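Input: a single structure, listed below in C-alpha cells.
The values are calculated or read from the model by the stated rules, or taken from the named source; none is laboratory data. Quick caveat, the model's predicted, so the values are computed rather than measured. Note that each Cβ is placed from the backbone with ideal geometry, even for glycine, and that neighbours are counted across all protein chains shown. All accessible areas refer to the heavy atoms of the entire protein, side chains included, with ligands and DNA or RNA removed. Shrake-Rupley method; radii C 1.70, N 1.55, O 1.52, S 1.80 Å.
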Amino acid sequence: MVCVARLVQRRSAVSTRRRLARFDRLRVGPLKAEAFTSTLHSQRLAALLGIALGVSFSICFVTGLLSDLIQTPPAWFTWPARPVGLYRVTQGLHVATGFASIPLLLAKLWIAYPRLWAWPPVAGLLHLVERVSLIPLVGGSLFLLFTGVLNIGFWYPWGFFFPTGHYWAAWITIGALVVHIGAKATIARHALGRSRSLANGRMPGGLTRRGFLGAVTGAMGLITLTTAGQTFSPLRGLAFLAPYVPGVGPQGFPVVGTPNADTVKQAQQIGTYRLMVSGAVSRPLELSLEDLQALLQHEADLPISCVNGWSQTLRWKGVRLADLVVMAGAPSDSSVTVQSLQPGTYDVSLVNPVQLQDPDTMLALAVNGEPLHVDHGFPVRLIGPNRPGVTNTKWVQRVSVD
Amino acid sequence: MGAEGVGGLTPLPPEEDRLSNAADKGPANRRLFSIMAVIGWLVMSYGVYGLIINAAQTHPSSWLVWFLGGIVVHDFLIAPVVIGVGVLVSRAVPDHYRGPVQGALIAGGIVALTALPYVLGFGRSSSNLSALPNNYATALGTLLLLVAAVAAALVALRRNRRRAR
C-alpha cells in the first residue's frame, strides 16, 4: 500500500512538473532563469538588512503606538508629567528611525527583487500564504515611510487623515512582518551562519557585499546627520534636510499650527478676550488678559516636542493651570479639557490629574521674556512637561474641569 | 544597483547564498510559519478592521490607492530603472573603478529620493515660513557632491595602487 501511494505521489509530481513545463514558455524577461546575476542578491545580505529593518520597524511601531496612546488615552492609560523630555526622546526616535529605515528598506527590496519573479510563482499553500503576505508587508512599509516623510513636510496629496491612515497601516505592516519573520527566520539563521565573510562571492571589479552595505550605511548616516538636528541639538547646525529647524520661526522657534484670519482678528481686539474656567467647578471664572497677568506667574524651561519630530526648549512664563482650577473651586487632582478659540482638528486637549498637578503645567502668556506671538498662541497657550507639541493648545479660550 | 544580466561577463555566485528567481518550496519551518502566519493575519485583520470602522478619517479607497501604489511604483518603475542603471554601469565603467561608482550611485540615489519631497517643496505655505525653511535643492546638491568626492577619492586611490603595482 505504502509503495503504491509513493508511486502515485511520484507519478503525480512528475506529471505536475510536466504540466508546469508547458508554461515555461511564459518565462520571459525577468522571469527567465538567471535573469538576475549580481552576487549582491544574497540571502546573507537579505538576512542582515531584514534584521536591521525588524529592529527599526519595531522601534517605530512601539514609539508610534505610544504617541497615539498619549494623544487619545484610554481609561487605563495615564501618561506621566516626568521625565520632562521623555516624549521628546520617544517621538524624536520615531521620526529619526523612520528616516534611517528608508535606505534599509530600499536596499532590502533591491536585494530580494529577483524573488518577485520567482518561477513557478506559487509552490503550495504555505508558499501562497507567504507570498500574499508580502503585499501588505511591502505596500505597508513603503506607505509608512512615504506618508511619514511627506507629513512632516506638510505635503498631503492623499485623501485620508494622515495620523489615522498611518496608524492602521502600521498594524497591517507589523502583522505582515510577523508572517514574514515566520517564513524567513530559519533561512536567515542558516544564511547568517553559513559564512563569516561578507567579501566572498565578489564580482570582478564590482561592488563587494561589504561595499554595498557601506553605501547603504553611508546613506543612512547622511540622512540622519542632516535631519536629526531637528531634535538633537548638537547636530542642529547640520539640519540641512530637516523640514523644521529649531531656532527658525517667529520668536526663534518653529510654528506648526497657524492662526486663521478670525484668530488673528480676535488677538488684535484683546480687550474683549476672556478665558473661561467652567465645568465641574463651584465658582466659574471669566478672566481678561490683564486678570491673568495679575495672577501669580510661574516660569519654567520646557521643550516643545512636536509630533513631527522636532523639539526645542524655551523659557515659558504664565499661570499654573492647577492654580486656576483651585481658584474656581475644583480639586487640583481633576481632569481638565483645554479648548482653543480656533476650531480645528486639534482644538481641544486633555490634561490628566498627574499632568495638572505638575507645577510646570501652565497657561503660558510669554516665551523667552516676550508676550507670545499670535503664531505661537497669543494671548494664551497651554504648555506642560512631557506633552506632545500638538496637545499644547494655542489661543486657549476655555478650561473645563471634567 | 549591482551589475545585472550582462550575458556571460559575470560569474555566478556561490549557489547556496544566491537569491535568485528560481523556484522555492516556501517556508523552511512549516510549523513556525503556520503559527506566525496565524498571529500575523490576526494583527493584520485588526488593522483592516480599524481602517474600516474609521472610514470617515481613513478614506479607505484613497488609502488603498497609496498603499498599493507604492508597490506598483517601486516594483515596476523604481526597481527596473535602478537595475537598468546597474546594467549601464557594468558595461560602461571599467572593472577596477566600478565599485566606487556603484556605491556612489546607491548612496546618492537613496539620499536624493529621501530629500525629493522637500526639494519639490509642495508643503511650503506663505502662512508659515518656518515650515521647510532651508534651501533643500542646495543641501541635496552639496550632499551629492560630497558622495561624488568620496567616490572620486576611492577611484584615485585604486588607480595609485594599480600604478604602484
Checking the structure you have, find out if any residue of segment A:123-132 is within 30 Å of A:F36 (Cα to Cα) and within 21 Å of the chain's Cα centre (by Cα). no
Determine whether A:A215 is open to solvent by less than 30 Å² (accessible area, probe 1.4 Å) and at pLDDT 95 or above. yes
Here the residues within segment A:234-265 that are touching a residue at least 40 places away in the same chain (Cβ under 8 Å), in a helix (DSSP H, G or I) and either touching a Lys or Arg at 6+ places or on another chain (Cβ under 9 Å) or open to solvent by 40 Å² or more (accessible area, probe 1.4 Å) (or both) are A:Q251, A:D262, A:T263, A:V264
Selection from segment B:30-81 of residues that are assigned to a helix (DSSP H, G or I) and polar (S, T, N, Q): B:S34, B:S45, B:Q57, B:T58, B:S61, B:S62
The one condition A:P303 fails out of (1) within 14 Å of chain B (Cβ to nearest Cβ); (2) assigned to a strand (DSSP E or B) is (1)
Can you run down the residue pairs with Cβ atoms below 9 Å, 6 or more apart or on separate chains, where the first is in segment A:74-93 and over 23 Å from A:Q230 (Cβ atoms) and the partner is open to solvent by less than 50 Å² (accessible area, probe 1.4 Å) and β-branched (V, I, T)? A:F77/A:I70; A:A81/A:T361
When segment A:47-76 is checked residue by residue, the ones that are among the hydrophobic types (A, V, I, L, M, F, W, C) and not in a helix (DSSP H, G or I) are A:A75, A:W76
Scan segment A:103-134 residue by residue and report those that are among the aliphatic types (A, V, I, L, M), facing another protein chain (nearest Cβ under 7 Å) and open to solvent by 20 Å² or more (accessible area, probe 1.4 Å). A:L106, A:L109, A:A112, A:L116, A:A123, A:L126, A:V129
Would you check if B:D75 is free of Cβ contacts under 8 Å to residues at least 60 places away in the same chain, in contact with a Pro (Cβ under 8 Å, 6 or more places away or on another chain), among the charged types (D, E, K, R) and facing chain A (nearest Cβ under 7 Å)? no
Would you pick out the residues in segment A:53-79 that are small (G, A, S) and closer than 17 Å to A:G389 by Cβ? A:G64, A:S67
When every residue in segment B:101-137 that is over 13 Å from the mean Cα position of the chain (by Cα), more than 7 Å from chain A (Cβ to nearest Cβ) and buried (at least 20 other Cβ atoms within 10 Å of the Cβ) is compared, the one farthest from A:L105 (Cα to Cα) is B:V101
Residue count, segment B:55-87, condition open to solvent by less than 70 Å² (accessible area, probe 1.4 Å) and touching a Gly at 6+ places or on another chain (Cβ under 6 Å), comes to 7
Inside segment B:88-100, the number of residues satisfying the requirement of being buried (at least 18 other Cβ atoms within 10 Å of the Cβ) and under 18 Å from the mean Cα position of the chain (by Cα) is 3
Tell me yes or no: at least one residue of segment B:47-64 is aromatic (F, W, Y), farther than 28 Å from A:L40 by Cα and at pLDDT 95 or above. yes
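A quick yes/no check of all residues on (1) modelled with pLDDT of 95 or more; (2) more than 7 Å from every other protein chain (Cβ to nearest Cβ):
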| position | (1), (2) |
| --- | --- |
| A:P136 | yes, no |
| A:L145 | yes, yes |
| A:V149 | yes, no |
| A:A199 | no, yes |
| A:R202 | no, yes |
Candidates A:H180, A:H190 - the one that is in a helix (DSSP H, G or I), more than 7 Å from chain B (Cβ to nearest Cβ), surrounded by fewer than 20 Cβ atoms within 10 Å (Cβ to Cβ) and touching a helix residue (DSSP H, G or I) at 6+ places or on another chain (Cβ under 9 Å): A:H190
In segment B:38-50, residue farthest from the other protein chains (Cβ to nearest Cβ) [restricted to those that are surrounded by fewer than 22 Cβ atoms within 10 Å (Cβ to Cβ) and among the hydrophobic types (A, V, I, L, M, F, W, C)]: B:V38
